[in-house]
Every structure is written in structure tokens, then in C-alpha cells.
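Data block below; observations after.
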Amino acid sequence: MALILFLAMSLALSFTGPAFCATLDVYVIDVEGGNATLFVFPSHESLLIDTGNAGAAAPRDAGRIMEAVKAAGLQQIDHLVITHWHGDHFGGLAELAAKVPIREFIDHGPNVQPGELADTFLRTTYPQLYASAKHTVAKPGDRISIAGADVRVVASAGQVIKTPLPGAGMPNPFCVNFKPGDNNAEDPQSVGVHITFGKFRTIHLGDLTRNKEFELMCPDNRIGTVDVLLGLHHGQASSNSEVLVYALHPRVAIMNNGTRKGGEPDVMKTVHSSPGLEDLWQLHFSVLSGQEYTVPGMFIANTTDDQQPGMPIAPTPAPAPGPGAPPPPAHNGPAYWIKLSAQQDGSFTVANARNGFSKTYAPKR
Ligand SMILES: [Zn+2]
Ligand SMILES: [Zn+2]
């Protein structure tokens, strides 16, 4: 009887396909300076943070997310976090929900930055999407239930956790040099998620801004250190203060920037001077970096449709925002993700789907 059971189980396991493995896999998907980050756990459960851009870009971005969903062998998204109500984060949601079932919708609550796009979406579309699923308004300290990992909300709706994560809570020496900064009403509302998988730790804070980073990390560091820092608010200077980046002490950072969004010189300086940083990976070349600040191309997943023969050494200043601003370099053709695969022992591999380059980071001593 035991032998039959064993044989039946091995047979069942052998049919679960390529996604059955012992790693936590993270697909950092190119949505052109928006966000879409897909986590696939060994239990086969999935967490997607954000769904890319709105408007004409929504079908493109939903399609790019679906490529990762298929590569991971998923039939559904178990948990979706929309970090905040900006079009580069919830934009592709309706298009994505038409392609794959989403079982739980997690957000910070109502939009606090009045605007036609988000307000119309929240009034007319969103309630229909979660009508046959679960809808959760996240509070700091909440757990997202996923077998074999601790997935914790550390920020939501402008509030941050008050109690340090296990092992964290030491005074943060970088708080004395903090320079405050904020930009708009919704970014500081971002849902931030911290994930512990064995000895591996990672964090994605949406577009959480500097002032909230300070509340989360000062005077005591309530997060501790992480192996990989994800997102970085596209590499924009309204986030990424030293109180966050330095104190998290990431070995690797993966930036969700666009062709002319993020990768800003001030952020590149902070990340590259962060103690213990081994590598920064970028979803895109950014003209805001120039060669002066960019990482080598092997660490960059995407270029542009119309590739330029050379990148200027000096960073290109961002044009004044408004209707007269020229469009950023376009990238609507084939897009590539950066894939992170983490092991329980804390080791992990980062791979660039564009050029096949990958690098394995051994467990910390
Ligand atoms: Zn792109
Ligand atoms: Zn954003």
C-alpha cells in the first residue's frame, strides 16, 4: 500500500511541470517604467505586485505579464497587490484579469489623489473585477498567506509597521543625515511587501517616498537587511534615501526603470555607494543615466526599438514635464524580464533574459 502511494505521489509530482522546484522565482517584468513583479513560490502559489501601464499600453503590458505567467506554468494569480492608484501600477489590470483568473485583490484602500483615470477605474471597473474574488485592504503587519514563506505587509495607506520584523530593530546610523522629500499624494500610500524565504529576504515598497522611508527605518531599522532590493520606485530621487538603501544593505538591487524614467544620477550614486552592494540590475537603459551613471549593458534587460549607435557619456536632463515634452524613446517590441531565483539557504541567481547573462550569489557567511 505504501509503495503504491509512493508511486502515485511520484507520478503526480512528475506531472506538475517545470514550475515545480525548490526556488522562489521572481520575474521583474518590463512595463516601461511602470511596475509588474511576479513571485512564484515552490508551493506553486503566486503573488503579482502591480500590472503595468494604462491606456494604449495596457494590452502590451498585460501581454508581457502573461508571458511570465505562462513561463512559470501558472493557471491563476493567487494574490495581486496593487501598490497604489497610479496608472503605471494598476493600468493593465482589467486587460490582465481578462486573461488569467485573479483570486485575491490587495490594495491600500481609496485613491487619495483625485484624477479621472484612477477614480473612474475604482468606481466602475475595479468592483467588477473583484466581485467573484477576495478583496483585501492591507494594513501594516498583515500577512499574505503563502505556504513555505513569510510574506508581510510593512507599509500601506501611509502607515508603516510599528514593531520590527524578527531579528530587526537596531538603531539606524543613517537617520542623522536624512533629507526629507515627497512628490504627490499616492506614492506615499504604497503597499510595501517584505518576503522571507528560508534565509533569503527581499522587499518591494512600490513607490514609497523618502518621508515614509524615514518613518519605516528611523530611529530604528524595523526591516533589518535584505538580500535583494526590488523596484526602487523606478530609480527616482523622490525615493531611495540612504536611510532606506544603506540600512537595508542589499547585495543586489533590481530597478524597474524606463527608457527615460528613473535611473537618475542621484539614485545611482546612492545605490552604488550602498555598503555591501554587489550589483545593480536594470530593466532598461535610461537616458537619464548616460554612461556616467549606467551599469554595464550585461546587467540591463531592455534597450529601445530604435537602437542608437552610442549612449552619450553625460546624462540627458529630463525635459520639462507637460504637453510640449518630447516622447521618451519607445520600446514596444520584444521585451525581456530579469529573473531572480532564490534558494532556502539564502543563495540566489539573477538572469537577464535578453542576453542570457546570469550570476549566482553564494549564501552569506
Ligand atoms: Zn522596455
Ligand atoms: Zn510608479
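The values are calculated or read from the model by the stated rules, or taken from the named source; none is laboratory data. This structure is a prediction, so every number in the text was calculated from the model and none was measured. Don't worry about glycine lacking a Cβ; one is built from the backbone with ideal geometry, like all the others, and counts go over all protein chains shown. Accessible surface is based on the protein model in full, side chains and every heavy atom, while ligands, DNA and RNA are left aside. Shrake-Rupley method; radii C 1.70, N 1.55, O 1.52, S 1.80 Å.
Per the 1.4 Å probe, what fraction of the accessible area of the chain, in percent, lies on carbon and sulfur atoms? Present the calculation step by step, with values, prior to reporting the outcome.
Working: 9200 of 15460 Å².
Using a 1.4 Å probe with all protein chains present, the chain comes out at 60 percent carbon and sulfur.
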message: I want to check the label-to-label distance for A362 and K70. Put each point 7 Å from Cα in the C-beta direction and report it in nm to one decimal.
response: 3.9 nm
message: I need the phi-derived Karplus couplings for the range 358-364: 6.51 cos²θ - 1.76 cosθ + 1.60, θ = phi - 60°, integer Hz, Gly and Pro marked x.
response: 9, 9, 9, 10, 5, x, 5
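Could you tally the net charge around E278, taking each other residue with its Cβ under 13 Å from the Cβ of E278, Lys/Arg +1 and Asp/Glu -1? Provide the component values of the computation, followed by the final result.
Details: positive: R251, K359, K364; negative: D227, D279.
Net local charge, E278 excluded: +1.
Given the convex hull of the Cα atoms of the range 29-140, what is a quarter of its surface area in nm²?
Numbers: hull surface 27.4 nm².
Quarter of the Cα hull surface area: 6.9 nm².
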statement: Applied in sequence order to the range 68-84, the curve 6.51 cos²θ - 1.76 cosθ + 1.60 (Karplus, θ = phi - 60°) yields integer Hz couplings, x standing for Gly and Pro, of 6, 4, 5, 4, 7, x, 7, 9, 7, 9, 6, 9, 10, 9, 9, 5, 6
message: Using the basic label-point model (7 angstrom from Cα toward the beta carbon), what is the A131 to A325 distance in nanometres?
response: 3.7 nm
field: Theoretical ellipticity at 222 nm over the chain - DSSP helices of four or more residues, -39500 (n - 2.57) apiece, nearest 500
entry: -5000 deg cm²/dmol
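Charges at C-beta only: +1 for Lys and Arg, -1 for Asp and Glu. How large is the resulting dipole of the chain about its Cα centre, in Debye rounded to 20?
720 debye
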query: Using Cα pairs under 8 angstrom and six or more residues apart, how large is the relative contact order of the range 146-225, in percent?
result: 44 percent
message: Applying a 10 Å radius around every beta-carbon, put 258-267, 28-37, 62-71, 315-324 in order of their mean neighbour count, most first.
response: 28-37, 258-267, 62-71, 315-324
message: Of the candidates Q307, Q343, Q291, which one comes out as most mobile in a Gaussian network treatment of the chain with C-alpha springs shorter than 10 Å?
response: Q307
- prompt: ³J(HN,Hα) across the range 335-342 via Karplus (A = 6.51, B = -1.76, C = 1.60, θ = phi - 60°), whole Hz, x for Gly/Pro?
  reply: 10, 10, 9, 9, 10, 10, 10, 10
- prompt: What spacing in nm lies between the two simple spin-label points modelled at A98 and Q344, each 7 Å away from Cα in the Cβ direction?
  reply: 4.2 nm
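Given contacts defined as C-alpha pairs under 8 Å and at least six residues apart, what's the relative contact order of the range 131-277, whole-number percent?
On the way: 331 pairs, mean separation 29.9, N = 147.
Relative contact order, the range 131-277: 20 percent.
Could you compute Rg(Cα) / (2.2 N^0.38 Å) for the range 250-333, with N its residue count? The partial results should precede the final answer.
On the way: Rg = 13.0 Å, N = 84, 2.2 N^0.38 = 11.8 Å.
In units of the 2.2 N^0.38 Å rule of thumb, it is 1.10.
Any chance you could list the semi-axes, whole Å, largest first, of the equivalent ellipsoid that the Cα gyration tensor gives for the chain, using √(5λ)?
Sorted largest first and rounded, they come to 29, 24, 23 Å.
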task: Excluding residues on the same chain fewer than 8 positions from K364, give the lysines whose Cα lies under 30 Å from its Cα.
output: K162, K199, K212, K269, K339
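So what's the net charge close to V252: Lys and Arg +1, Asp and Glu -1, counting the other residues with Cβ under 14 Å from its Cβ? Please list the in-between numbers first.
Working: positive: R201, R251, K339, K359, K364; negative: D227, E278, D279.
Result for the neighbourhood of V252: +2.
What number, in percent, do you get for the relative contact order of the chain if the mean sequence gap of Cα pairs under 8 Å and at least 6 apart is divided by its residue count?
Details: 878 pairs, mean separation 49.9, N = 365.
Result for the chain is 14 percent.
Using the Kirkwood radius built from alpha carbon pairs, what does the Stokes-Einstein equation give as D for the range 284-334 at 37 °C and 0.692 mPa s, in µm² per second? All intermediate terms of the calculation are to be shown ahead of the outcome.
Working: Rh = 12.1 Å.
The estimated diffusion coefficient comes to 272 µm²/s.
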- prompt: Which of the trypsin sites (Lys or Arg not before Pro) found in the range 177-212 are in a DSSP loop and have at most 14 neighbouring Cβ atoms, other than their own, within 10 Å?
  reply: K199
query: Which percent of Cα pairs goes in each bin when the distances of the range 133-200 are cut into 5 angstrom slices starting at zero?
result: 3, 13, 19, 21, 21, 13, 6, 3, 0, 0
Charge context of H86, other residues only, Cβ under 9 angstrom, K/R +1, D/E -1: -4
message: From zero outward in steps of 10 Å, how is the percent of C-alpha pairs of the range 174-272 spread across the bins?
response: 16, 54, 28, 2
